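Each remark here refers to the structure printed beneath this line.
The values are calculated or read from the model by the stated rules, or taken from the named source; none is laboratory data. What you see is a predicted model, and the numbers here were worked out from it, not measured in a lab. Positions of Cβ are generated from backbone atoms using ideal geometry, with glycine treated the same way; all protein chains shown enter the neighbour counts.
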Amino acid sequence: MAKVKKTRQTIFEYVQMFNSNIDQLVRQMYHDDCVVIYPDIAPIFGTVELLEFLRSAWRLAPQRIMKIDHLSTAKNRATLEASIIVDPERNRNPISVVIVFRFSHGRIREETVYTDTTNWSEAQS
């Protein structure tokens with residue numbers, strides 16, 4: 001039960017860092033040899049590639065905010081259902097995501113993101 005509680009806490013920290021500091025998120029939350037899979041792009045291998053990708057996304061939507069809709073955790077796995085509000089000032093068209101995490105020694109080893117980006121262009125305009 002303690003491991004499940006730790007996994008939940010890790011996800012809350014993940015969301016907080018996602019909203020505030022991408023560099024800190026990658027340094028503290030991911031294994032150096034992590035694998036991250038997003039829809040419609042090649043898998044991302046390692047923290048160097050991941051940081052490049054997330055910095056690009058940050059530049060496109062610097063004010064975006066992730067909010068937890070639902071969270072399920074197990075010992076070394078978690079499934080996060082969240083909404084990403086691209087422009088909080090207008091609070092329009094959040095992007096829904098489901099992220100499946102696999103942890104090893106308290107850090108993210110694998111992450112798979114499922115999302116529908118049909119609202120992305122509307123959220124930016």
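Hey, any hits in region 5-15 for a residue that's touching a helix residue (DSSP H, G or I) at 6+ places or on another chain (Cβ under 8 Å), part of a strand (DSSP E or B) and modelled with pLDDT of 90 or more? No, region 5-15 has no match at all.
Would you be able to tell me the number of residues in region 16-32 that are outside any helix (DSSP H, G or I) and in contact with a helix residue (DSSP H, G or I) (Cβ under 6 Å, 6 or more places away or on another chain)?
Residues meeting the conditions: 2.
Working only within region 44-64, note down all residues that are assigned to a strand (DSSP E or B) and modelled with pLDDT under 90. Listed by number, the list is empty, since nothing qualifies.
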